[in-house]
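Report on the structure given below.
The values are calculated or read from the model by the stated rules, or taken from the named source; none is laboratory data. All values derive from a computational prediction rather than experimental measurement. Glycine gets a Cβ as well: all are built from the backbone with ideal geometry, and neighbour counts include every protein chain shown. With ligands, DNA and RNA removed, areas are computed over all heavy atoms of the protein, side chains included. Shrake-Rupley method; radii C 1.70, N 1.55, O 1.52, S 1.80 Å.
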Amino acid sequence: MYGVSDFRRGLKIQIDQTPYSIIDFEHVKPGKGAAFTRTKLRDLKSGRVLEHTFRSGEKIIKPDVFETDMQYLYNDGSDFVFMDSKTYDQVGVTSELLGNDAGYLLEGMSVKVVMFEGRVIGVELPNFVVLAVTQCDPAVKGDTVTGATKPATVETGASFHVPLFINEGDCIKVDTRSGDYVERARK
């Protein structure tokens, strides 16, 4: 069991048989009445975000959620296959569950797979990935407005907006949390 004082970003809690991850929280002490905590929670099963208020001193259930380090192997057409690095067990994760995160996966990449009651409910990627640019248009002379960007397609098939100086064959570092270009990188 967790107390409200144990809250921190990323903490996993359970409310009404559903696991949630705390995105943000704020302890509030009004001038009148008891203290409470406002939270923003992400449903780990569906991905939707909701707000919930907890009274001070309230106890919250610790969910049966565990994370295991796995390696991404391949996409078999319908599922993305991951392998447990210790036991060599393989699990398939649907593209619906991965969503846009599938555009960051490279074969051999290590990720954390989140499981609840024996089934996969999410995949946590590293904060940054380095991807090779496979297609982008060359910059046009005179098109040098400050902060100008152009679309670029990377080796996974995903598309990102990059600065004009990026060319095909370059590697870029991308933030997986926001989907933004960070910097040019070496592979």
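Could you tell me whether Ser95 is in contact (Cβ under 8 Å) with a residue 12 or more places away in the chain and hydroxyl-bearing (Ser, Thr, Tyr)? Spell out how you get there, then give the answer.
On the way: in contact (Cβ under 8 Å) with a residue 12 or more places away in the chain: yes; hydroxyl-bearing (Ser, Thr, Tyr): yes.
The answer is yes for Ser95.
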task = Note down all Cβ pairs under 6 Å where the first residue falls in segment 170-187 and is at pLDDT 90 or above, the second is open to solvent by 20 Å² or more (accessible area, probe 1.4 Å) and outside any strand (DSSP E or B), and they're at least six residues apart or on different chains.
result = Cys171/Lys187
ask   = Which of the residues that make up segment 1-22 are of a type outside the set (D, E, K, R), in a strand (DSSP E or B) and surrounded by 14 or more Cβ atoms within 10 Å (Cβ to Cβ)?
value = Tyr2, Ile13, Gln14, Ile15, Thr18, Pro19, Tyr20, Ser21, Ile22
ask   = Any residue at all in segment 69-85 that is of a type in the set (S, T, N, Q) and in a strand (DSSP E or B)?
value = yes
query = Being without any contact (Cβ under 8 Å) to a residue 24 or more places away in the chain and polar (S, T, N, Q), is that true of even one residue in segment 23-44?
reply = no
ask   = Thr87: among the β-branched types (Val, Ile, Thr) and exposed (fewer than 13 other Cβ atoms within 10 Å of the Cβ), yes or no?
value = yes
request  = Identify the residue in segment 121-142 that is out of contact with any Leu (no Cβ under 7 Å at 6 or more places or on another chain) and modelled with pLDDT under 85 and, among all such residues, is most open to solvent (accessible area, probe 1.4 Å).
outcome  = Lys141
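Run down Thr18, Thr53 and say which single residue is more than 20 Å from Phe116 (Cα to Cα) and in contact (Cβ under 8 Å) with a residue 12 or more places away in the chain. Steps first, answer last, please.
Numbers: Thr18 fails: more than 20 Å from Phe116 (Cα to Cα).
Matching residue, one of Thr18, Thr53: Thr53.
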message = Condition first: open to solvent by 70 Å² or more (accessible area, probe 1.4 Å) and farther than 30 Å from Phe25 by Cα. Can you find one or more residues in segment 96-106 that meet it?
response = no
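Filter segment 88-105 down to the residues that are of a type outside the set (Ser, Thr, Tyr), closer than 17 Å to Glu155 by Cα and touching a strand residue (DSSP E or B) at 6+ places or on another chain (Cβ under 7 Å), then identify the one that is modelled with the highest pLDDT. Spell out the reasoning first.
The first filter runs over segment 88-105 and keeps only residues of a type outside the set (Ser, Thr, Tyr), leaving 89-93, 96-103, 105.
This time we only want the ones that are closer than 17 Å to Glu155 by Cα, so: 100-103, 105.
Among the residues that remain, those that are also touching a strand residue (DSSP E or B) at 6+ places or on another chain (Cβ under 7 Å) are: 101-102, 105.
Values: Asp101: 85, Ala102: 86, Leu105: 90.
Among those residues, the one meeting the criterion is Leu105.
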key: Matching option when the condition is over 15 Å from the mean Cα position of the chain (by Cα), open to solvent by less than 50 Å² (accessible area, probe 1.4 Å), more than 24 Å from Ile23 (Cβ to Cβ) and among the hydroxyl-bearing types (Ser, Thr, Tyr), among Thr156, Thr149   = Thr156
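Just to be sure, is Thr39 open to solvent by 70 Å² or more (accessible area, probe 1.4 Å), in contact with a strand residue (DSSP E or B) (Cβ under 9 Å, 6 or more places away or on another chain), over 18 Å from Glu117 (Cα atoms) and among the polar types (S, T, N, Q)?
Numbers: open to solvent by 70 Å² or more (accessible area, probe 1.4 Å): no; in contact with a strand residue (DSSP E or B) (Cβ under 9 Å, 6 or more places away or on another chain): yes; over 18 Å from Glu117 (Cα atoms): yes; among the polar types (S, T, N, Q): yes.
Spelling it out, it is not the case that Thr39 is open to solvent by 70 Å² or more (accessible area, probe 1.4 Å), in contact with a strand residue (DSSP E or B) (Cβ under 9 Å, 6 or more places away or on another chain), over 18 Å from Glu117 (Cα atoms) and among the polar types (S, T, N, Q).
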